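Student: Can you read through this structure? Questions will come right after.
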Amino acid sequence: MIDFVQNTVDGIMFGSSYALLAIGFTIVFGVLRRINLAFGASIMLGAYAGTWLHVHYQVNVLVVALTTLVCTVLAGIYVERLCFRAIRRDAALASMVSSFVIWMQLEEAAVHLLPERTYAFPSFFVAGSFELGPFLFRGEQTTMLVLAALMVGALHLLLRHTRFGLALRAVSESPRAAAYMGIDTAWVMLCAFALVSLVGGVAGFAILATDEQITPFFGLWATFKGLIAMMLGGMGSLPGAVLGGLLLGVIEAHAQWYLGNEYKDLSAYLLLFAMLVLRPGGILGQRIHGREALAFRRV
Amino acid sequence: MLEVRGLRVSYGGLRAVDGVSLEVRAGEIVSIIGMNGAGKTSILNAVSGIRSPDEGEIRFEGESIGGLPAHAVVARGIVQVPEGRLLFGTLSVEENLLAGAHRRSPFVLRRRPRADLRRLFPALADKLHRPAASLSGGEAQMLALARGLESEPRLLLLDEPSLGLSPKLSEGVFTLIRRLRDRGLTLLLVEQNLRRTLALADRAYVLESGRIVSSGSAAALESDHRLLSDYLGTSAPAAFHSAK
Ligand SMILES: Nc1ncnc2c1ncn2[C@@H]1O[C@H](COP(=O)(O)OP(=O)(O)OP(=O)(O)O)[C@@H](O)[C@H]1O
Ligand SMILES: [Mg+2]
């Protein structure tokens, strides 16, 4: 029982970073009805830029964090310009395929920057841990959870209470109606990419600083985890992304504990498969069912 | 106030608007009347920047606005209430209004009491927190109008505001249009309902297959029997309205 609770706690903590990745996919899906396959790769490129400074100039961890964020945002803007702005809105498949191509391109760029297999990533978090009753809280994971909670809270405020947030929700609902209302939809979409890249950059940094290393598989890994978490929660739903991320983290933690390390990723795929069969809209997918149906008709 | 010269709009090979010129003076209600597919919406969309025209000149208060993006046109004081309303269904009534006010909102949104809304749109004032998708047809049209007015336009483009409403509800919409004009707003109104529209408008243009075939003061058009019989069949207004 204590193990179960401990695993759940660990799962929620790590799952909080999955939630941030899922938010990145879900917001772009909401605004553009597209899956941005290059998302993980843009985070990876940002993190590689930070790592590069770390490797060559031994810069402070805060500089690494800042570089990661800035370069992820720049990569996100580049992706928007190249595969989403340049390609017409009704050409869904073309922009999805092109985001796949950009994925490869960004990964290539990252590997050119740092060609080795693994690099050390600076650890930011307090390495210690503390106990609460029989449970152990690891410092770096607790920081990750706090960071993710702060991000989600800030995003919520931004979406509900600011002019930009409302414009973003309006564009998600109907770009055409938003244009009639004088909302600059192209600008909103660009800002949405910058915003999710910022969120993704925070997630990427938190994950890498916990792992204390970075490999060329990070882009693929981040894209998979984010996509799975989003699909679990329900495409286009922000609470769904948070829930999906936490659920994915918890399932993985239990699978790892009870079945062994090699089942961790497998459990995630099985879970996604079961979800797609039983409840294709995701946990919170019901509410957006109509929208999603529309999206699939367009794809 | 608004001047359109030689406007041409096409979709692929299909020419929807073929050399239309029209004018709206400050304080007027001007109407464009025509059957389905005549090109009415295409004209409005060209004016509001939703679709850029192939050819022709669009001037608003002396300044050329042809080809400007929609948000730049709204910033100059023209707003279009689109056909079919296009409300933000999952957003609340209040959020729809706030979205309408986008161009003049501060960064942090302020939800304010809406005394003005209560006066013009009493039906909406008590439903501010309901999702727009839950409104009835009449309320939805009121919200579409209220949302458009939120940007404080000087010229309002209305695309078939009575579409799908019962005669009683459309009467309400027409009354409201009159009140808006009395408050100093200029309106360009697209309608299919000939009789009601001519009763409301100062002047009208009759559009057929992308061309203006007749224009003049509403009173003159109303007494134009050739117009009624040629374009609208014999039992004109009813047939025209039910053609939709
Ligand atoms: N997006 C589009 N793509 C292709 N053709 C279009 C498009 N929009 C309109 N058309 C065509 O252009 C012509 C004019 O359309 P428009 O919508 O301007 O007419 P309308 O007078 O507003 O009709 P309605 O009364 O049905 O709203 C029609 O023949 C229509 O089929
Ligand atoms: Mg129309």
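The values are calculated or read from the model by the stated rules, or taken from the named source; none is laboratory data. Every value quoted in this text rests on a predicted model; they were computed, and no experiment measured them. Positions of Cβ are generated from backbone atoms using ideal geometry, with glycine treated the same way; all protein chains shown enter the neighbour counts. In case anyone asks, the SASA skips ligands and DNA or RNA and just uses the protein heavy atoms, side chains included. Shrake-Rupley method; radii C 1.70, N 1.55, O 1.52, S 1.80 Å.
Student: According to the square roots a ≥ b ≥ c of the eigenvalues of the Cα gyration tensor, what is the shape class of the stretch B:89-152, taking rounded for a/c under 1.5, prolate for a/b larger than b/c otherwise, and oblate for the remainder?
Tutor: Judged from the Cα gyration tensor, the stretch B:89-152 comes out prolate (a/c at least 1.5, a/b above b/c).
Student: Work out, step by step, the length gained on full extension between residue A:63 and residue A:279: first 0.36 nm times the residue separation, then minus their alpha carbon distance; give nm to one decimal.
Tutor: 73.4 nm
Student: Here's something else I'd like to know. Tell me which residues come under 5 Å, amide H to amide H, from residue B:83 once H is placed; ignore anything under 5 positions away on its chain.
Tutor: Under 5 Å from the amide H of residue B:83 lie the amide H atoms of B:159, each far enough along the sequence or on another chain.
Student: Same structure, new question: With label points built 7 Å along Cα→Cβ from the Cα atoms of residue A:149 and residue B:3, find their separation and express it in nm.
Tutor: Between residue A:149 and residue B:3, the label points sit 6.4 nm apart.
Student: Right, here's the next one. What does DSSP give for the protein assembly as shown in terms of the percent of beta bridges that are antiparallel, rounded to the nearest 5?
Tutor: Of all bridge pairs located within the protein assembly as shown, approximately 60 percent are antiparallel.
Student: I'd like the FRET efficiency for residue A:131 and residue B:119, computed as 1/(1 + (r/R0)^6) with the beta carbon distance as r and R0 of 56 Å, rounded to 0.05.
Tutor: It comes out at approximately 0.35.
Student: Something else about it: Report the residue, chosen from B:137, B:62, B:34, that carries the largest GNM mean-square fluctuation when chain B is represented by alpha-carbon nodes joined by springs under 10 Å.
Tutor: The residue that fluctuates most here is B:62.
Student: Continuing with the same structure: Computed FRET efficiency, Cβ-Cβ of residue B:130 and residue B:152, R0 22 Å: what is it to the nearest 0.05?
Tutor: 0.35
Student: Additional query: Please build a GNM for chain B, connecting alpha carbons under 10 Å apart, and tell me which residue among B:165, B:188, B:149 fluctuates the most.
Tutor: Highest fluctuation among the options: B:165.
Student: Also: Taking 7 Å along the Cα-to-C-beta vector as the label spot, tell me the residue A:74-residue B:10 distance in nanometres, rounded to one decimal.
Tutor: Here the modelled spin labels are 4.5 nm apart.
Student: With all protein chains present and a 1.4 Å probe, how do A:103, A:221, A:187 order by accessible area, largest first?
Tutor: A:187, A:221, A:103
Student: Could you go through the stretch A:191-199 in sequence order and give the Karplus-derived ³J(HN,Hα) for each residue, using 6.51 cos²θ - 1.76 cosθ + 1.60 with θ = phi - 60°, rounded to whole Hz, and x for Gly and Pro?
Tutor: Karplus-based 3J(HN,Hα) across the stretch A:191-199 equals 5, 4, 5, 4, 4, 5, 5, 4, 4 Hz.
Student: So, one more: How far apart, in nanometres, would the label points at residue B:199 and residue A:221 be if each is projected 7 angstrom from Cα along the Cα-to-Cβ direction?
Tutor: 7.3 nm
Student: Just to be sure I understand: of the beta bridges DSSP finds with both ends in chain B, what percent are antiparallel, rounded to 5?
Tutor: Taking every DSSP beta bridge with both residues in chain B, the antiparallel ones total about 55 percent.
Student: Using θ = phi - 60° and the Karplus curve 6.51 cos²θ - 1.76 cosθ + 1.60, what whole-Hz ³J(HN,Hα) does each residue of the stretch B:62-77 get, with Gly and Pro shown as x?
Tutor: Taking θ as phi minus 60°, the curve returns x, 9, 6, 10, x, x, 5, x, 4, 5, 6, 5, 4, 4, 7, x Hz for the stretch B:62-77.
Student: With only Lys, Arg, Asp and Glu charged, each at its Cβ (+1 for the first two, -1 for the last two), find how big the charge dipole of the protein assembly as shown is about the Cα centre; round to the nearest 20 debye.
Tutor: Once rounded to the nearest 20, the dipole reads 1460 debye.
Student: Now a separate question. Heavy-atom accessible area of residue A:54 with all protein chains present, probe 1.4 Å, nearest 10 Å²?
Tutor: The accessible area comes out at roughly 50 Å².
Student: Which far-off residues, 5 or more places away or on another chain, put their amide H under 5 Å from the one on residue A:162, with H placed in the peptide plane?
Tutor: Under 5 Å from the amide H of residue A:162: B:109.
Student: For residue A:213, what residues show an amide H to amide H distance below 5 Å, using hydrogens built from the backbone and excluding near sequence neighbours?
Tutor: It is A:121, by chain and number.
Student: Out of B:12, B:84, B:184, any idea which swings most in a Gaussian network model of chain B, alpha carbons joined below 10 Å?
Tutor: Fluctuation is largest for B:12.
Student: Using θ = phi - 60° and the Karplus curve 6.51 cos²θ - 1.76 cosθ + 1.60, what whole-Hz ³J(HN,Hα) does each residue of the stretch B:17-31 get, with Gly and Pro shown as x?
Tutor: My calculation for the stretch B:17-31 gives 10, 10, x, 9, 10, 7, 9, 10, 9, 4, x, 8, 10, 10, 10 Hz in order.
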